[in-house]
Amino acid sequence: MGDQDLPGVLVSDLEGPHGICEDHAEDLKRHFNLITMQDFLENKAQLGPKIQAVYIWGGRPAVNQELLCSLPSLKIVASAGAGLDHLDLGLVASFGVKVANTPHAVSSPTADLGMALLLAAARRVVEGHELAVSPHTENFPTDYMGQQVTGATLGIIGMGSIGYKIAQRARAFEMKIVYHNRKRRKLEEEEAVGAIYCEKLDDLLQRSDFVMLAVSLTPQTQGLIGKRELRLMKPTAILINIGRGLLVDQDALVEALQTGLIKAAALDVTYPEPLPRDHPLLELKNITLTPHIGSATHQARRQMMENLVESILASFSGLPIPNEVLLK
Amino acid sequence: MSAMHMSVLLLGRRVSPRTQETCEIFDQLQISAGAKVPSFNPARPSEHRGQQQTMGDQDLPGVLVSDLEGPHGICEDHAEDLKRHFNLITMQDFLENKAQLGPKIQAVYIWGGRPAVNQELLCSLPSLKIVASAGAGLDHLDLGLVASFGVKVANTPHAVSSPTADLGMALLLAAARRVVEGHELAVSPHTENFPTDYMGQQVTGATLGIIGMGSIGYKIAQRARAFEMKIVYHNRKRRKLEEEEAVGAIYCEKLDDLLQRSDFVMLAVSLTPQTQGLIGKRELRLMKPTAILINIGRGLLVDQDALVEALQTGLIKAAALDVTYPEPLPRDHPLLELKNITLTPHIGSATHQARRQMMENLVESILASFSGLPIPNEVLLK
């Protein structure tokens with residue numbers, strides 16, 4: 001009964017593959033009265049006014065006009081992760097509701113995964129594992145080659161916190177780093193990682209042995225990598241996407257991989273997720289796919305939860321909100 | 001006309017009866033087996049069995065290789081470069097004409113661990129100056145035996161360090177973040193939705209314990225540091241202070257200490273009688289239950305049965321192995337069925353650039369041995 005006095009926070013579910021992290025439920029319940037979407041939908045009139053925050057985990061629940069209208073007491077929408085493409089920021093702002101995300105909690109594990117995918121694709125780890133465990137394997141071939149990472153050129157598209165951490169990691173592999181970003185980074189920041197600014201994306205594409213997409217999805221960046229861009233890349237180049245699936249024209253990518261226009265690709269993100277089971281990307285030998293696990297470590301998820309709690313509590317007290325997302 | 005008479009006439013030169021007889025017996029066996037056998041001409045031994053070489057190659061020093069093509073031969077892309085310096089003699093050709101070819105062979109070029117160099121081979125190569133072996137590993141060679149024949153040994157430790165360190169990091173990250181499992185989930189026909197609770201171990205900020213701080217181990221430390229990993233290491237000899245400080249590595253005099261502290265344990269040590277079975281049941285028990293073991297050294301460094309049990313019972317979290325014993329593992333080996341294992345087919349140095357550099361290093365060492373110059377990458381008996 002004590003929970004009833006705590007401020008109401010809307011979540012998708014308390015368990016299951018689309019709910020909040022089960023390990024986090026206890027911690028959250030210390031601060032909030034958690035109301036699931038199912039409970040809310042069954043009793044909108046009673047529960048609606050109690051809800052002061054929406055806690056988005058794994059992109060759920062979806063926040064649309066209908067929901068915003070039914071939550072008169074809503075102060076904040078707090079969304080786990082860095083991505084915001086699932087939210088209509090203008091719409092939320094029009095209701096006088098704040099938005100917060102967790103960009104810092106995800107940057108290190110996402111940068112780690114970017115490097116994991118770069119290395120896995122370069123050295124053909126998934127194919128190698130399949131060969132090593134295949135019932136048909138009698139001998140290991142001595143001509144099983146990969147692309148060398150040490151000394152190669154990495155082109156980073158999107159030099160935010162994630163892109164910059166990737167540069168820091170790549171530098172230790174003696175990689176040459178070039179980057180493309182809306183804004184150029186400060187000189188000291190460039191020098192710290194030896195990164196060279198490419199004002200033109202085309203320039204980066206032509207120079208790179210590895211192309212890393214670490215940029216957020218906006219109307220301007222959708223389809224950033226299409227047929228034309230893939231053609232500019234080296235035939236030995238490898239594309240890695242840890243941003244959003246829609247940054248890439250997937251049909252063009254399939255063709256590029258099938259025809260050897262580029263060497264290989266590694267994608268943590270696709271559109272949709274998961275891909276239809278008959279999608280051509282699933283059959284290619286030169287692709288590595290992971291199920292959108294950029295921030296999927298116990299430590300990062302816990303930190304995301306703590307960041308969201310902090311932002312929500314600040315919004316309730318009228319204090320400055322950490323990780324607040326402001327409309328540009 | 002007897003076979004012997006025919007051979008003498010065809011050859012048109014005197015050869016020792018023993019060699020001739022050996023060749024004839026071999027050829028007779030081949031003929032009865034239905035093979036077409038061109039007459040053996042010692043003036044052009046490499047033309048036997050259809051190998052085409054110009055007369056000029058005959059003047060080049062002979063170098064024994066396992067094969068010129070195929071999965072167990074030298075790198076096909078390298079053949080042209082090698083032939084500019086050497087008269088390449090394959091094991092098959094050599095075995096068919098030991099007496100003739102033996103004395104021509106001044107070097108053995110070991111690629112992918114072949115050919116094997118044993119007492120019998122060394123005895124049949126009176127002109128042998130050097131055994132040049134691709135890669136860093138030497139566990140396939142009896143160094144004392146080779147030295148007893150007055151033959152030098154060279155390997156290619158530097159060509160392999162960067163790509164092997166890269167692969168060590170690739171395996172660490174792949175195992176930590178469950179990349180292989182994730183790929184399988186992403187492509188499985190049964191996958192309808194991606195689970196939001198698919199977790200991995202965080203690499204940033206974790207502790208990496210490096211066993212073996214040679215060139216490869218040190219390069220791993222350099223890479224791991226950029227992931228903000230805390231680095232501890234165990235080595236026969238402690239590294240210099242500046243070297244430790246450059247990568248923030250802390251020396252663990254006791255292996256047990258490293259095992260207890262590490263979230264990731266990286267085996268980058270060479271296989272010797274002292275290091276065989278270095279990681280057994282006892283060592284696995286000392287590791288954290290969340291720890292991940294990565295082996296880029298040699299399969300025999302690890303007690304494989306103990307590892308299987310540790311992975312099955314959750315004594316450690318996962319393992320990633322580029323090397324096993326044997327390679328490949330038998331197809332019914334329990335390691336192949338585990339979910340928490342990542343295996344690669346011994347590809348530590350398998351990049352085009354590294355392989356080319358290895359070949360160039362070997363050529364350099366071989367040529368130096370022929371000229372009596374100091375041999376780069378010479379392996380000295382300790």
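The values are calculated or read from the model by the stated rules, or taken from the named source; none is laboratory data. Remember, it's a predicted structure, so these values are computed and weren't measured experimentally. Every residue, glycine as well, gets a Cβ built from its backbone with ideal geometry; the counts of neighbours run over all protein chains shown. To get the accessible areas, we keep the full protein, side chains included, count just its heavy atoms, and leave off ligands, DNA and RNA. Shrake-Rupley method; radii C 1.70, N 1.55, O 1.52, S 1.80 Å.
Points worth noting:
- Exactly one residue among B:Leu380, B:Leu284, B:Leu373 is away from chain A (no Cβ under 14 Å), open to solvent by less than 10 Å² (accessible area, probe 1.4 Å) and not acidic (Asp, Glu), and that residue is B:Leu284.
- Residue in region B:328-336 that is of a type in the set (A, V, I, L, M, F, W, C) and either open to solvent by 50 Å² or more (accessible area, probe 1.4 Å) or in contact (Cβ under 8 Å) with a residue 60 or more places away in the chain (or both) present: no
- Count of region A:121-148 residues which are outside any loop (DSSP other than H, G, I, E, B), at the interface with another protein chain (Cβ under 7 Å from one of its Cβ atoms) and in contact (Cβ under 8 Å) with a residue 12 or more places away in the chain: 5
- Region B:262-281: number of residues that are surrounded by fewer than 18 Cβ atoms within 10 Å (Cβ to Cβ) and either more than 27 Å from the chain's Cα centre (by Cα) or not β-branched (Val, Ile, Thr) (or both): 7
- Residue in region A:151-163 that is within 10 Å of chain B (Cβ to nearest Cβ), under 26 Å from the mean Cα position of the chain (by Cα) and part of a loop (DSSP other than H, G, I, E, B) present: yes
- Just so you know, in region A:209-219 the residues that are closer than 18 Å to A:Arg184 by Cβ and modelled with pLDDT of 95 or more include one that is surrounded by the most Cβ atoms within 10 Å (Cβ to Cβ), and it is A:Met212.
- For region A:141-158, the set of residues classified as under 21 Å from B:Gly299 (Cβ atoms) and buried (at least 18 other Cβ atoms within 10 Å of the Cβ) consists of A:Thr142, A:Gly146, listed by residue number.
- Hits in region B:242-261 (condition: open to solvent by less than 30 Å² (accessible area, probe 1.4 Å), of a type in the set (A, V, I, L, M) and not in a helix (DSSP H, G or I)): B:Ala249
- Region B:92-115, subset more than 20 Å from B:Ser133 (Cα to Cα) and more than 24 Å from the chain's Cα centre (by Cα), residue surrounded by the most Cβ atoms within 10 Å (Cβ to Cβ): B:Leu101
- Checked against the criterion of being assigned to a helix (DSSP H, G or I), surrounded by fewer than 19 Cβ atoms within 10 Å (Cβ to Cβ), without any contact (Cβ under 8 Å) to a residue 60 or more places away in the chain and within 14 Å of chain A (Cβ to nearest Cβ), the candidates B:Glu192, B:Glu184 yield just one match: B:Glu184.
- A:Leu68 vs. criteria without any contact (Cβ under 8 Å) to a residue 24 or more places away in the chain and either within 16 Å of A:Asp13 (Cα to Cα) or buried (at least 16 other Cβ atoms within 10 Å of the Cβ) (or both): no
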